[in-house]
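Working notes for the structure below.
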Amino acid sequence: MRVGVISDTHMPVRARALPAACRDVLAGCDLILHAGDHADGASLAALRAIGPPVVAVHGNADGEDLRRALPASAEVDAGGVRIAVVHDAGPREGRIGRLRRRFPGADVVVFGHSHVPLVERDAGGFAIVNPGSPTDKRTQPHHTMALVRVDGGRAEAEIVILERDDPA
């Protein structure tokens, strides 16, 4: 199973649409996760139109309409792996332990907010993933997303570097 992970798209403020490379990766996935800061409902509708099921949470920059429509956190089973999604994971110090305690049933926690891509795993195999942003890299050198591959009840995550195009 392939799980496409994005966050912090801030559309249409930072971009009119997702970059084509991001849309292509997401279209080839079995599930899409969005860790918040969509910016408006139209961008969420466009994400859902890509095809695979979407699990999304709201972020701090999302308006009232999205805050009412989306939860602050979510959990989903993906091929026998439990993945939690939340927008803000708090400060870097102690983050992996804090997320393990907050989501005790999860194997992986996906988060956003910082726009800083990250894949980190503890000694017990618990993983945290921040996909960065496909549309607003801030101080990062690249626009990014993440891909989580689930096989045999085990998840492997990687950051995907996107070449930014000018979406239509």
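The values are calculated or read from the model by the stated rules, or taken from the named source; none is laboratory data. Predicted model only: the values in this text are computed from it and were never measured. Note that we place each Cβ from the backbone using ideal geometry, even for glycine, and neighbour counts take in every protein chain shown.
For first residues located in the stretch 40-62 and modelled with pLDDT of 90 or more and small (Gly, Ala, Ser), partners that are surrounded by 15 or more Cβ atoms within 10 Å (Cβ to Cβ) and not in a loop (DSSP other than H, G, I, E, B) and lie 6+ apart or on another chain with Cβ distances below 7 Å form the pairs ALA56/HIS34; ALA56/LEU44. Just one of the listed residues (GLU120, GLU93) is without any contact (Cβ under 8 Å) to a residue 12 or more places away in the chain and either more than 25 Å from ARG14 (Cα to Cα) or touching a helix residue (DSSP H, G or I) at 6+ places or on another chain (Cβ under 6 Å) (or both), and it is GLU93.
The single condition among (1) assigned to a strand (DSSP E or B); (2) more than 16 Å from the chain's Cα centre (by Cα) that ARG68 does not meet is (1). VAL150 - would you say it is surrounded by 23 or more Cβ atoms within 10 Å (Cβ to Cβ) and at pLDDT 95 or above? Spelling it out, it is not the case that VAL150 is surrounded by 23 or more Cβ atoms within 10 Å (Cβ to Cβ) and at pLDDT 95 or above.
Just name the residue that is modelled with the lowest pLDDT out of those in the stretch 1-23 that are in contact with a strand residue (DSSP E or B) (Cβ under 7 Å, 6 or more places away or on another chain) and either part of a loop (DSSP other than H, G, I, E, B) or of a type outside the set (A, V, I, L, M) (or both). Show your work before the answer.
To start, the set of residues in the stretch 1-23 that are in contact with a strand residue (DSSP E or B) (Cβ under 7 Å, 6 or more places away or on another chain) comprises 1-7, 19, 21-22.
From what's left, either part of a loop (DSSP other than H, G, I, E, B) or of a type outside the set (A, V, I, L, M) (or both): 1-2, 4, 7, 19, 22.
On the way: MET1: 97, ARG2: 98, GLY4: 98, SER7: 96, PRO19: 91, CYS22: 94.
My answer is PRO19.
Within the stretch 86-117, restricting attention to residues that are within 11 Å of the chain's Cα centre (by Cα) and aliphatic (A, V, I, L, M), the residue that is surrounded by the most Cβ atoms within 10 Å (Cβ to Cβ) is VAL110.
I'd like the residue in the stretch 24-39 that is farther than 12 Å from PRO131 by Cβ and in contact with a Leu (Cβ under 9 Å, 6 or more places away or on another chain) and, out of all such residues, is modelled with the lowest pLDDT.
Filtering first and then ranking leaves ALA39.
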